[in-house]
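As structure tokens, the structure follows; a few thoughts come after it.
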Amino acid sequence: MPENKYWHTLKIREIESILKTDVKAGLHPEQAQNRLIRFGLNELEEEKKPTPLQIFLSQFKDFLVYVLIVAIIISGLLLKELVDALAISAILILNAILGFVQEFRAEKAMEALKRLTAPTAKVIRLGQEMEIPAKELVPGDLILLQTGDHVPADARIMECTAFATDESALTGESQPVNKHTKPVSNPLLPLGDRKNMVYMGTAAARGRAKAVVVATGKSTEMGQIAGMLQVAGEKTPLQKELKRVGKRIALLCLLVCSVVFLSGILRGFSWALMFLAAVSLAVAAIPEGLPAVVTVTLALGVQNMAKKNAIVRRLHAVETLGSATAICTDKTGTLTKNQMTVNLIYLEDKMWKLTDEGRLRINGKEIAPSENIILLFKIAALCNDARFRDGKPVGDPTEGALLIAAEKVGLKKDALEKQAPRLNEIPFDSERKRMTTVHKLVGGPACRQVGQESRVEGYVALVKGAPEVVLTRCSNIYRGGIKPLSEEERKGLLHKNGSMARRGYRVLAMAYREFSEPPEIEPEALEKDLTFVGLVGMTDPPRSEVYGAIKTCHKAKVQVAMVTGDHKLTAETIAKEIDLLDRKQVITGPELKEISEEELTSRIEEIAVYARVDPKDKIKIIKAFKNRGHIVGMTGDGVNDAPAVKMADIGIAMGIAGTDVTKEASDITLTDDNFATIVTAIREGRSIFDNIKKFILFLLSCNVSEVLTMFLAMIAGLPLPLLPIQILWINLVTDGLPALALGTDPPAPDLMHRPPRQIGEGILTKERQLQILWQGLVLALGALFAFMAGLFWLKIPLRSAQSMVFTAMVLAQILHTLNFRCERHSVFTLHSLANKPLLAAIWGSIILHLGVLYIPPLQSIFHTAFLGTREWGIILTASLVPLIIVDALRNAIRK
């Protein structure tokens, strides 16, 4: 591949020399074949992907999973509990399948990139125009482009006529970029400012061009983006935390089991019995249901988010979004509608506002359209190449906006063209900065009669373009009639144009000239002595939902930064309007390149808007946020957003305007392209993390209570209070339905008024570890009370006493769920009844346990005995008193 990276700075003869290409005849077929062998196919390469089997097996590479596999072996082979072993196995396999599906879908990102490239290309080889597969293009090929064509490779323009490309998917720039052939002096210009270049994955918006290919495949700008997408995504905070939790549980489990085993041997119990007891404790200490409950909770969150227009591609991404502290968002189509809209009209020394409903207002007062307004929009509709197709404008977005505005005031282009057909045109050119159309009209010498019937025929040239250009060619102004344009008036109009531009408006001037005979199509002769009509200001307005979404993010202490390829002035104006700027800074891509990563990291929280940025700038911004300790979300729709979306902690793609590349690189896709949906997703993510925290603390405190019950009984010289099969049953009925029901807990009312959880804050903080221990101890003491009351007070057989502690433990743990349902309220309030699935789970578990107690076949399996009124009185006391104590201590600690 030629070494020169700055093709846009070279003259045509220099390019011809470097590429050894005839800029008229193109390459010889033999040359092309040799270069194809040398440079390879014009395709986006991807790294070798893991096989489906490798992806599936990788789901089992987790410490907690290893421990659970040991539990399966212990339960199945040593304890002969095949049902329990099969249940744990099913949980592991289900978890692996879900992980496999999510990861396998993520491998589609590169395929989506390939679909964006053009399948064929028009080239000139040996002086002959031909069509070849785009993948066979090589550096030095001459390609031909016209309106609607996809650009098949990066190329330097040799010739062009009124040519512009839509580069929004690559640069984020919402307007088509006008092109020319002149060399650019600054080699560091961003992509959108390289007016003599076209890039793979973009499209020709208008005109035609001939260009020489300078880069193919992975060497193109899109190819470099593809390379960025190959970087493996990091694990989410929840994934990291669950891994830490699993290791801690396993180590603690081994320690406690060893102590219990040795204590029993020293007390004279048989080796076999103590081994089974230690194994039972191991199974009790490990929350077998944890992976399943986490997966199901996340899956339910995914379903809820899908109903609210957010499609989650990776389950763990839900929680990560909830803990996000910064959101980097694109402007075009995300904060704005991605639809140019005419908002302001300036004429007759008055500023008119055009509403979405088509009403015209001056200073808030509704005014009927004047003759001048109608005239201005007739020019806007007729000097216009856009068309309506299926109710939507097709063509240049600016011209589409003018067409829509004309229809709002009652002017239909089709009707106007029938009465004022176009005879000729001088197309828009980036150097001329204006467009002129010539029409034959009915209505005589007054252009205001365009589209109105009359017996007198005439001709008119309609002009629209940059105000500073059009005004230099105007000698008259229309004010209820044609009047001379004074120099003072001209300066005033230019000043008004500057004022509108500084407010972020794209401004066009409308003018005309009348003829009694068909005029010659010569720009200098045709476009002079024009009559100025007015100025039109248009913007890409913010989405109506964005205002509230930004406010909610501020309340939730989530920093929002606009990262866009658009111009600084446009971005700054939108940021001010939606209250995003808030006295913070605006920085451009070129300025960003001048500062170091360290400096950006130190300033990152002082900057709200990044304008004129390219894909590498976005990566730099994401890194700076991460270096500052933020959990970063990145929204995007274009190909240019994909690397940053991939690199962010949570990538959010737009579903309507978004490219397949960005969707596949993302974690979440918004089906309505609504920024407000992000707020809903953050709320859902926070709620899910709260619920995961609740059931993890619930499961661990329950498991600790079982371990302490066994451990304290051994230390006190008591018989074994629980048998291995009973411990497994307790885990089944408490770790199952009640824990799952906690995962569906409705969100707290103040959820979006809290700051995100602190960076690095784990689920098992020191305070929560202490909480697990003291709550587990309270439950264990209640169970031991039931055991000792049965043995020493009621003097019942050991089997009956074990049935009492067995039942007391089940009831105490089931009721303990209410302590987590009401973290900020007392259990003894109506708030504890808000989670209907949890109440159903509590009653369901109780009914299942009654079956174990009173159905004879189950009595023999679980070694239970019939319990009478006296036993139940003690059991209820042993299960309700811990509930009251935990609730009282929890409320005291909270206060």
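The values are calculated or read from the model by the stated rules, or taken from the named source; none is laboratory data. What you see is a predicted model, and the numbers here were worked out from it, not measured in a lab. Using ideal geometry, Cβ is built from the backbone for each residue, glycine included, and neighbour counts are taken over all protein chains shown. Accessible surface areas use protein heavy atoms only, side chains included; no ligands, DNA or RNA. Shrake-Rupley method; radii C 1.70, N 1.55, O 1.52, S 1.80 Å.
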Residue pairs qualifying under the 9 Å Cβ cut-off, at least six apart or on distinct chains, with the first in region 716-734 being closer than 12 Å to Cys702 by Cα and open to solvent by less than 20 Å² (accessible area, probe 1.4 Å) and the second being assigned to a helix (DSSP H, G or I) and among the acidic types (Asp, Glu), are Ile727/Glu706; Ile730/Glu706; Asn731/Asp84; Asn731/Glu706
Can you find, within region 274-314, the residue that is modelled with the highest pLDDT among those that are buried (at least 24 other Cβ atoms within 10 Å of the Cβ), under 17 Å from the mean Cα position of the chain (by Cα) and outside any helix (DSSP H, G or I)?
Ala310
Could you give me the residue pairs with C-beta distances under 8 Å whose first residue belongs to region 492-505 and is within 10 Å of Glu468 (Cβ to Cβ), whose second residue is charged (D, E, K, R) and part of a helix (DSSP H, G or I) wherever it lies, and which are 6+ apart or on separate chains?
Leu494/Glu468; Asn497/Glu468
Looking only at region 702-716, count every residue that is within 16 Å of Ser258 (Cβ to Cβ) and touching a Leu at 6+ places or on another chain (Cβ under 9 Å) and tell me the total.
5
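Each row is one residue, and each column tells you yes or no for (1) modelled with pLDDT under 90; (2) open to solvent by 10 Å² or more (accessible area, probe 1.4 Å); (3) among the hydrophobic types (A, V, I, L, M, F, W, C).
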site	(1), (2), (3)
Leu818	yes, yes, yes
His831	yes, yes, no
Leu838	yes, no, yes
Ser845	yes, no, no
Among the residues that make up region 784-796, is at least one of them closer than 30 Å to Thr552 by Cα, open to solvent by 20 Å² or more (accessible area, probe 1.4 Å) and of a type outside the set (D, E, K, R)?
no
Residue satisfying all of: in region 176-192; within 18 Å of Arg208 (Cβ to Cβ) and outside any loop (DSSP other than H, G, I, E, B); most open to solvent (accessible area, probe 1.4 Å) among these
Asn178
List the helices (runs of 4 or more DSSP H) inside region 1-114, counting only whole elements, that have at least 3 residues being at pLDDT below 65.
63-73, 82-106
Does any residue of region 339-362 turn out to be out of contact with any helix residue (DSSP H, G or I) (no Cβ under 6 Å at 6 or more places or on another chain), under 30 Å from Pro643 (Cα atoms) and not β-branched (Val, Ile, Thr)?
yes
Output yes when any residue across region 828-841 is touching a residue at least 24 places away in the same chain (Cβ under 8 Å) and closer than 24 Å to Ile725 by Cα, and no when none is.
yes
With the condition kept exactly as written, say whether any residue in region 434-446 is modelled with pLDDT of 85 or more, open to solvent by 20 Å² or more (accessible area, probe 1.4 Å) and under 43 Å from the mean Cα position of the chain (by Cα).
no
Residue in region 513-528 that is out of contact with any helix residue (DSSP H, G or I) (no Cβ under 6 Å at 6 or more places or on another chain), open to solvent by less than 10 Å² (accessible area, probe 1.4 Å), on the phi < 0 side of the Ramachandran plot and among the β-branched types (Val, Ile, Thr) present
no
Can you tell me which condition Ala676 does not meet? The list is (1) in contact with a strand residue (DSSP E or B) (Cβ under 8 Å, 6 or more places away or on another chain); (2) closer than 23 Å to Pro542 by Cα, and all the others hold.
(1)
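For every residue, the table says whether it meets (1) at pLDDT 95 or above; (2) out of contact with any strand residue (DSSP E or B) (no Cβ under 6 Å at 6 or more places or on another chain); (3) more than 23 Å from Gln175 (Cα to Cα).
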| site | (1), (2), (3) |
| --- | --- |
| Val469 | no, no, no |
| Ser475 | yes, yes, yes |
| Gly481 | no, yes, yes |
| Glu487 | no, yes, yes |
| His495 | no, yes, yes |
| Ser499 | no, yes, no |
| Val507 | no, no, no |
Scanning region 315-328 for residues that are crowded, with 24+ Cβ neighbours inside 10 Å and either of a type in the set (Ser, Thr, Tyr) or not in a loop (DSSP other than H, G, I, E, B) (or both) gives Ala317, Val318, Glu319, Thr320, Leu321, Gly322, Ala326, Ile327, Cys328
Being hydrophobic (A, V, I, L, M, F, W, C) and either farther than 24 Å from Lys557 by Cα or assigned to a loop (DSSP other than H, G, I, E, B) (or both) is the filter here; which residues of region 573-602 pass it?
Ile578, Leu580, Leu581, Leu592, Ile595
Out of (1) at pLDDT below 90; (2) part of a loop (DSSP other than H, G, I, E, B); (3) touching a strand residue (DSSP E or B) at 6+ places or on another chain (Cβ under 8 Å), the one Thr570 does not meet is (2)
Within region 510-549, which residues are farther than 21 Å from Lys378 by Cα, touching a residue at least 60 places away in the same chain (Cβ under 8 Å) and part of a helix (DSSP H, G or I)?
Pro523, Val546, Gly548, Ala549
Exactly one of (1) more than 14 Å from the chain's Cα centre (by Cα); (2) farther than 30 Å from Ala741 by Cα; (3) open to solvent by less than 30 Å² (accessible area, probe 1.4 Å); (4) not aromatic (Phe, Trp, Tyr) is unmet by Leu697. Its number?
(2)
Name the single residue that is surrounded by the fewest Cβ atoms within 10 Å (Cβ to Cβ) among those in region 454-502 being assigned to a loop (DSSP other than H, G, I, E, B) and among the hydroxyl-bearing types (Ser, Thr, Tyr).
Ser486
Do any helices (runs of 4 or more DSSP H) entirely within region 636-745 hold 3 or more residues that are within 25 Å of Ile311 (Cβ to Cβ) and among the polar types (S, T, N, Q), and if so, which?
675-715
Farther than 25 Å from Phe866 by Cα, in contact with a helix residue (DSSP H, G or I) (Cβ under 7 Å, 6 or more places away or on another chain) and open to solvent by less than 10 Å² (accessible area, probe 1.4 Å): which single residue out of Ala801, Ala741 fits that description?
Ala741
Of the conditions (1) in contact with a Pro (Cβ under 7 Å, 6 or more places away or on another chain); (2) modelled with pLDDT under 85; (3) of a type in the set (Lys, Arg), Lys557 clears all except one; give me its number.
(2)
Checking Ser219 against (1) within 28 Å of the chain's Cα centre (by Cα); (2) among the hydroxyl-bearing types (Ser, Thr, Tyr); (3) modelled with pLDDT of 75 or more; (4) farther than 25 Å from Leu592 by Cα: exactly one of these is not met. Which one?
(4)
Name the residues in region 579-602 that are over 27 Å from Pro187 (Cα atoms) and surrounded by fewer than 21 Cβ atoms within 10 Å (Cβ to Cβ), would you?
Asp579, Leu581, Asp582, Arg583, Lys584, Ser602
